[in-house]
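J.: One structure coming up, written as structure tokens, with questions to follow.
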Amino acid sequence: MESKTGVRQETSGSKVRESASEDKRFKILETQMKRYQYRQDSLIEVLHKAQDLFGYLDDEVLTFVAQRLKLPPSRVYSVATFYHLFTLKPQGEHTCVVCMGTACYVKGADKVLAALEHDLGIKAGETTSDGRVSLVTARCIGACGLAPAVVYDGKVAARQSSDDALAVTRQWREHVTGGSHTH
Ligand code: FES
């Protein structure tokens, strides 16, 4: 909860709000599953697509896939954890996903990612040593019109500059959880 309000406070509200398109990722995933006729043996392909869209596989995504493919969640989880090519939700308190798809890349997503890596002292796929921030990349989150797009704790933010991204992650790291409430 606190983290979500944190994002809203720190980024200019309009940018975050503009991005209600995060649902779009589920729609795109749904379309993909439809293309596979919801076949259960398409699970691995579907999980690949999900990872491209979200950057990692969290409970919400795995449950969604399990429901649509009519598979027991345990089966979906075991496949997601078995294959090393799948990334489960990272450990950090907050997660920042930089879209590195073509549209975002040409608009400077690589610079945003480089700035984050430098500032946080980690590489994409890692979590800061204080456990605050996990940095992840995705391949096209389905919001190319908002490029370069970054997803902060599940909220898609449009046209992010390095400064925008650093403002959010710095605020995450400064914000003391478990006691201090900003309001
Ligand atoms: S390339 Fe980033 S949203 Fe499509």
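J.: Take segment 32-53 and flag every residue that is among the β-branched types (Val, Ile, Thr) and touching a residue at least 24 places away in the same chain (Cβ under 8 Å).
T.: Of segment 32-53, the ones among the β-branched types (Val, Ile, Thr) are 44, 46.
Residue satisfying the conditions is Ile44 alone.
J.: Further question on the same structure: Pick from Val151, Val65, Val106, Val98: which is closer than 16 Å to Phe26 by Cα and either free of Cβ contacts under 8 Å to residues at least 12 places away in the same chain or not assigned by TED's automatic domain parsing to the domain that holds Gln32 (or both)?
T.: Numbers: Val65 fails: either free of Cβ contacts under 8 Å to residues at least 12 places away in the same chain or not assigned by TED's automatic domain parsing to the domain that holds Gln32 (or both); Val106 fails: closer than 16 Å to Phe26 by Cα; Val98 fails: closer than 16 Å to Phe26 by Cα.
Result: Val151 is the single residue among Val151, Val65, Val106, Val98 that is closer than 16 Å to Phe26 by Cα and either free of Cβ contacts under 8 Å to residues at least 12 places away in the same chain or not assigned by TED's automatic domain parsing to the domain that holds Gln32 (or both).
J.: Right, another one. Might you check whether a residue that is within 16 Å of the ligand (Cβ to nearest atom) and either among the β-branched types (Val, Ile, Thr) or modelled with pLDDT under 95 (or both) occurs anywhere in segment 163-178?
T.: Going residue by residue through segment 163-178, those that are within 16 Å of the ligand (Cβ to nearest atom) are 164-165.
After this cut, where a residue has to be either among the β-branched types (Val, Ile, Thr) or modelled with pLDDT under 95 (or both) as well, the list is none.
No, segment 163-178 contains no residue that is within 16 Å of the ligand (Cβ to nearest atom) and either among the β-branched types (Val, Ile, Thr) or modelled with pLDDT under 95 (or both).
J.: Give segment 141-160 a look and list any residue that's near the ligand (Cβ under 9 Å from one of its atoms), more than 11 Å from the chain's Cα centre (by Cα) and within 12 Å of Val98 (Cβ to Cβ), or say none. Reasoning before the result, please.
T.: Just the residues of segment 141-160 that are near the ligand (Cβ under 9 Å from one of its atoms), to begin with: 141-149, 156.
Subset that is more than 11 Å from the chain's Cα centre (by Cα): 142-148.
Ala147, Pro148, listed by residue number.
J.: Oh, and also: In segment 97-140, which residue that is within 22 Å of Glu174 (Cβ to Cβ) and touching a Cys at 6+ places or on another chain (Cβ under 9 Å) is nearest to the ligand (Cβ to nearest atom)?
T.: Looking at residues that are within 22 Å of Glu174 (Cβ to Cβ) and touching a Cys at 6+ places or on another chain (Cβ under 9 Å), I get Val98.
The values are calculated or read from the model by the stated rules, or taken from the named source; none is laboratory data. Bear in mind the structure is a predicted one, so any value in this text is a computation, not a measurement. For neighbour counting, all protein chains shown are included, and Cβ atoms are generated from backbone atoms with ideal geometry for every residue, glycine included.
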